[in-house]
Each structure stands twice: as structure tokens, then as C-alpha cells.
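Undergrad: I'd like to ask some things about the structure below.
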Amino acid sequence: MAELSKWDAIYSRKSAEPTASFVLEQSQHLLPSQGDALDLACGQGGNALLLAKRGLTVSAWDNSSVAIEQLVESAKASSLSIDAKVRDVIQNPPKQDSLDVIVVSYFLDRALCPLLVKALRPKGLLLYQTYCQQKVQLQGPSNPEFLLKNNELLSLFSPMNVRVYREEALLGDLEQGWRNQALLVAER
Ligand SMILES: C[S@@+](CC[C@H](N)C(=O)[O-])C[C@H]1O[C@@H](n2cnc3c(N)ncnc32)[C@H](O)[C@@H]1O
């Protein structure tokens, strides 16, 4: 039997229900009532499921076939329509001017970011959340390549209009707040 890839192996062991990212949960009121949305590097598709519940036309791409199979099952169980595809998003990024909403959680490929801006239609919305180098806990990746530097989401998406940004880093009472990650909602 062929060996499972890293992410296929992780998803094969995972039994928890997929959940949407904090940035999407908190920013639902900023979404358009209709349009084309993409959950990029979707994993089990918690973001995709929420976007579909909100009435958007949803695509979800990930290169783990195990995750995509699980998402297809979750969508079926909730009677939601999601176009879930096994797709390498670095080799096959979204086409220019093709989307109204892109959600990315816990995935970082810096070279892809300018293409995400271009993939949005005018006024399109990007919702992004991932781990920072300045962390309070050992959650998330340890390789700095996959961790955001100070203010990095702002610079990666500088051509866009920032609507929401949160990055608390190591400021103040570290027992409180929303730590370890940065989030951005930006409009093209
Ligand atoms: C940390 S998980 C995050 C999954 C999901 N976005 C979430 O918030 O739960 C990272 C995901 O990126 C996917 N991934 C990594 N490289 C990829 C690539 N080149 N193309 C598509 N998906 C990729 C992995 O399969 C994995 O599902």
C-alpha cells in the first residue's frame, strides 16, 4: 500500500468536526450575501461549510485527498453544495478576477499572496488568519518560514484596503486576549 502523505496521515487520524476559523466566525457580517467564495488549503473545510451556510457559491481546494473526501461527506451530511477539489494551490492558484471571497486559515505561501489579490474581483474580500513568530504558546508550526513576522499580513496584502486587523504579539497581559496569530480582513 502506498504511504500516506503528511497531511493525509494527519486527517486519517482526525475525528473532530471541522470548525470555521476565528476570522471568519467574527467577520460573517462583512460577507456579501452572494458570490463566489474559495476556502484555500481548506483541510476538512470548516470555512467552506460556513461560507456555504451563508449562501455563497463555494469552492474548497486542498492537496490532501483524505481531507477533501471528509469535506465532501460533511457537506453531504449538512445538505450543502461545495465544489471540493484535490488541487495544489501553489501550482494551480485561483484565476485572476474569479472570486468575491477568499478565506485562508493556517496556510502560508508568501509567493501566492499577490496572486490571491489578483484573484479577487473589485471589492472582493480576503479573510486571512495564521500563526505568528511571536507566540505565547507552542501551537502551530515551528519553522519560521510558515510563521508571520510582525505586521507581515499587512505588508503581504498592502495593495488592499484593510478592514480588520488583529495581532497582539507579546503586548500587555499575556494571560488574556487572542494570542499567537494574526488576522486580516481586507477589501480589494
Ligand atoms: C494547517 S492545515 C489548515 C487547514 C484548514 N485551512 C484549517 O484551517 O483547518 C494546512 C493545509 O494546507 C494543505 N496544503 C499544504 N500545501 C498545500 C498545497 N500546495 N496545495 C493545497 N493544499 C495544501 C494541507 O493539506 C492542509 O490541509
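The values are calculated or read from the model by the stated rules, or taken from the named source; none is laboratory data. For clarity, every value in this text was computed on a predicted model and none was experimentally measured. For neighbour counting, all protein chains shown are included, and Cβ atoms are generated from backbone atoms with ideal geometry for every residue, glycine included. Areas reflect the complete protein model, heavy atoms only, side chains present, ligands, DNA and RNA absent. Shrake-Rupley method; radii C 1.70, N 1.55, O 1.52, S 1.80 Å.
Undergrad: For a quick check of your reading of the model, give me the residue pairs whose first member lies in region 144-160 and is under 10 Å from Ala182 (Cβ atoms), whose second is assigned to a helix (DSSP H, G or I) and among the β-branched types (Val, Ile, Thr), with beta-carbon atoms closer than 7 Å and at least 6 apart or on different chains.
TA: Matching pairs, first to second residue: none at all.
Undergrad: Shifting gears a bit: So for region 119-134 (the condition being within 16 Å of the ligand (Cβ to nearest atom) and over 22 Å from Gln26 (Cα atoms)), does at least one residue qualify? Steps first, please.
TA: To start, the set of residues in region 119-134 that are within 16 Å of the ligand (Cβ to nearest atom) comprises 119, 126-132.
Next, from what is left, pick out any that are over 22 Å from Gln26 (Cα atoms): 119.
Yes: region 119-134 contains one or more residues that are within 16 Å of the ligand (Cβ to nearest atom) and over 22 Å from Gln26 (Cα atoms).
Undergrad: Could I ask something else about it? Starting from region 76-98, take each residue that is over 20 Å from Leu50 (Cα atoms) and list its partners that are away from the ligand (no atom under 16 Å from the Cβ), counting only C-beta distances under 6 angstrom and pairs at least six apart or across chains.
TA: Gln96/Lys118; Asp97/Arg121
Undergrad: For residues that are open to solvent by 20 Å² or more (accessible area, probe 1.4 Å) and charged (D, E, K, R), scanning just region 9-49, find the one that is farthest from the ligand (Cβ to nearest atom).
TA: Among residues in region 9-49 that are open to solvent by 20 Å² or more (accessible area, probe 1.4 Å) and charged (D, E, K, R), the one farthest from the ligand (Cβ to nearest atom) is Asp36.
Undergrad: I'm trying to understand the selection: among the residues of region 50-67, which are surrounded by fewer than 24 Cβ atoms within 10 Å (Cβ to Cβ) and within 13 Å of the ligand (Cβ to nearest atom)?
TA: Those that are surrounded by fewer than 24 Cβ atoms within 10 Å (Cβ to Cβ) and within 13 Å of the ligand (Cβ to nearest atom): Leu50, Ser59, Trp61, Asn63, Ser64, Ser65, Val66.
Undergrad: Same structure, new question: Out of all the residues in region 137-171, which are open to solvent by less than 60 Å² (accessible area, probe 1.4 Å), assigned to a loop (DSSP other than H, G, I, E, B) and either modelled with pLDDT under 95 or not aromatic (Phe, Trp, Tyr) (or both)? Don't jump to the end; show me each part of the working.
TA: Taking region 137-171 and keeping what is open to solvent by less than 60 Å² (accessible area, probe 1.4 Å), we get 140-141, 147-148, 152-154, 156-157, 160, 164, 167-169.
Restricting the remaining residues to those that are assigned to a loop (DSSP other than H, G, I, E, B) gives 140-141, 147, 157, 160, 168-169.
Selection gives Gly140, Pro141, Leu147, Met160, Glu168, Ala169.
Undergrad: For Leu80, state whether it is at negative phi and open to solvent by less than 20 Å² (accessible area, probe 1.4 Å). Talk me through it step by step, then tell me what you get.
TA: Numbers: at negative phi: yes; open to solvent by less than 20 Å² (accessible area, probe 1.4 Å): no.
It is false that Leu80 is at negative phi and open to solvent by less than 20 Å² (accessible area, probe 1.4 Å).
Undergrad: I've got another one for you. Please determine, by comparing only the residues of region 91-133 that are out of contact with any helix residue (DSSP H, G or I) (no Cβ under 6 Å at 6 or more places or on another chain), surrounded by fewer than 20 Cβ atoms within 10 Å (Cβ to Cβ) and among the hydrophobic types (A, V, I, L, M, F, W, C), which one is nearest to Asp39 (Cα to Cα).
TA: Among them, the one singled out is Phe107.
Undergrad: May I ask you to list the residues in region 64-75 that are touching a residue at least 40 places away in the same chain (Cβ under 8 Å) and either under 13 Å from Ala48 (Cα atoms) or among the basic types (Lys, Arg) (or both)? I'd like the intermediate steps shown before the answer.
TA: Narrowing region 64-75 to residues touching a residue at least 40 places away in the same chain (Cβ under 8 Å): 64-67, 70-71, 74.
Ala67, Gln70, Leu71, Ser74 - these are the residues of region 64-75 that are touching a residue at least 40 places away in the same chain (Cβ under 8 Å) and either under 13 Å from Ala48 (Cα atoms) or among the basic types (Lys, Arg) (or both).
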